[in-house]
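Everything on this sheet refers to the single structure shown next.
The values are calculated or read from the model by the stated rules, or taken from the named source; none is laboratory data. Keep in mind it's a predicted model, so treat the numbers as computed, not measured. Every residue, glycine as well, gets a Cβ built from its backbone with ideal geometry; the counts of neighbours run over all protein chains shown.
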Amino acid sequence: MKTLKTTALFLAMTLLSILTVKAQSPQAKPLNTVITNYLALKDALVSGDGTVAEAKAKTLLASVGEVPKIGLSTDEAALLPKLEFDSRHISEVNKIAHQREHFASLSNNLYTLVKKLKVNNTVLYRQYCTMTKAYYLSETDKGKDPYMGMSNCSKVTETLPAAKK
């Protein structure tokens with residue numbers, strides 16, 4: 001009986017430590033900074049201001065570089081250079097049309113990473129712009145479209161719940 005209690009206690013402690021390690025992922029804080037900077041870039045694209053979008057993309061690029069690759073799967077780690085590529089391109093031009101093209105790719109790659117890691121602090125909505133046939137992430141379910149700069153022309157296709165703390 002004592003062995004059974006000891007074994008049960010050991011298993012419970014092991015499970016708790018595994019769950020704690022997942023909750024304390026080294027990517028959690030830096031990835032949430034990336035999400036915050038992505039949303040700021042999205043808002044700049046909504047307003048149609050290429051110069052502001054250029055500056056926001058520089059901030060985003062710097063934050064992507066802070067996400068540690070340690071603990072990421074090969075597929076997850078492969079998304080970081082893609083995020084850097086699109087952020088860099090957006091940060092190097094102030095032509096809004098070109099920025100929006102790269103934003104579509106950036107959005108798809110960030111969505112994939114956030115969905116896999118499940119460390120986002122806030123609920124995110126994956127929205128689809130029917131006019132441009134492109135996706136983006138938004139902090140509200142009534143997002144303003146960064147591709148067309150319009151309200152209410154996108155639809156929510158998926159909700160990414162906030163990570164449990």
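A few comments on the model shown:
- Residue count for region 64-97 under the criterion of being under 14 Å from the mean Cα position of the chain (by Cα), surrounded by fewer than 15 Cβ atoms within 10 Å (Cβ to Cβ) and among the small types (Gly, Ala, Ser): the result is 1.
- For region 61-81, a residue qualifies if it is part of a helix (DSSP H, G or I) and touching a residue at least 40 places away in the same chain (Cβ under 8 Å), and the qualifying residues are Asp75, Glu76.
- Tallying residues that are under 22 Å from Ala28 (Cα atoms) and charged (D, E, K, R) within region 61-110 yields 7.
- Residue check, Val114 β-branched (Val, Ile, Thr) and part of a strand (DSSP E or B): no
- All of Asn109, Asn94 fail the test of being modelled with pLDDT under 95 and either part of a helix (DSSP H, G or I) or of a type in the set (S, T, N, Q) (or both), apart from Asn94.
Conditions (1) under 15 Å from Asn37 (Cα atoms); (2) small (Gly, Ala, Ser), marked per residue:
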site: Ala57; (1), (2): yes, yes
site: Leu61; (1), (2): yes, no
site: Glu66; (1), (2): yes, no
site: Ala77; (1), (2): no, yes
site: Glu84; (1), (2): yes, no
site: Glu101; (1), (2): no, no
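- Region 135-165, subset charged (D, E, K, R) and loosely packed, with under 14 Cβ neighbours inside 10 Å, residue modelled with the lowest pLDDT: Lys165
- Scanning region 1-55 for residues that are of a type in the set (Lys, Arg) and under 28 Å from Ser138 (Cα atoms), we see that the one that is modelled with the lowest pLDDT is Lys22.
- The sole residue among Leu110, Leu117, Leu106 that is hydrophobic (A, V, I, L, M, F, W, C), over 16 Å from Leu60 (Cα atoms) and surrounded by 14 or more Cβ atoms within 10 Å (Cβ to Cβ) is Leu117.
- Residue in region 125-134 that is buried (at least 20 other Cβ atoms within 10 Å of the Cβ) and closer than 20 Å to Lys29 by Cβ present: no
- Residue in region 149-159 that is in contact with a helix residue (DSSP H, G or I) (Cβ under 6 Å, 6 or more places away or on another chain), touching a residue at least 12 places away in the same chain (Cβ under 8 Å) and part of a loop (DSSP other than H, G, I, E, B) present: yes
- The lone exception for Arg100 - which of (1) buried (at least 20 other Cβ atoms within 10 Å of the Cβ); (2) within 16 Å of the chain's Cα centre (by Cα); (3) not in a loop (DSSP other than H, G, I, E, B) it fails: (2)
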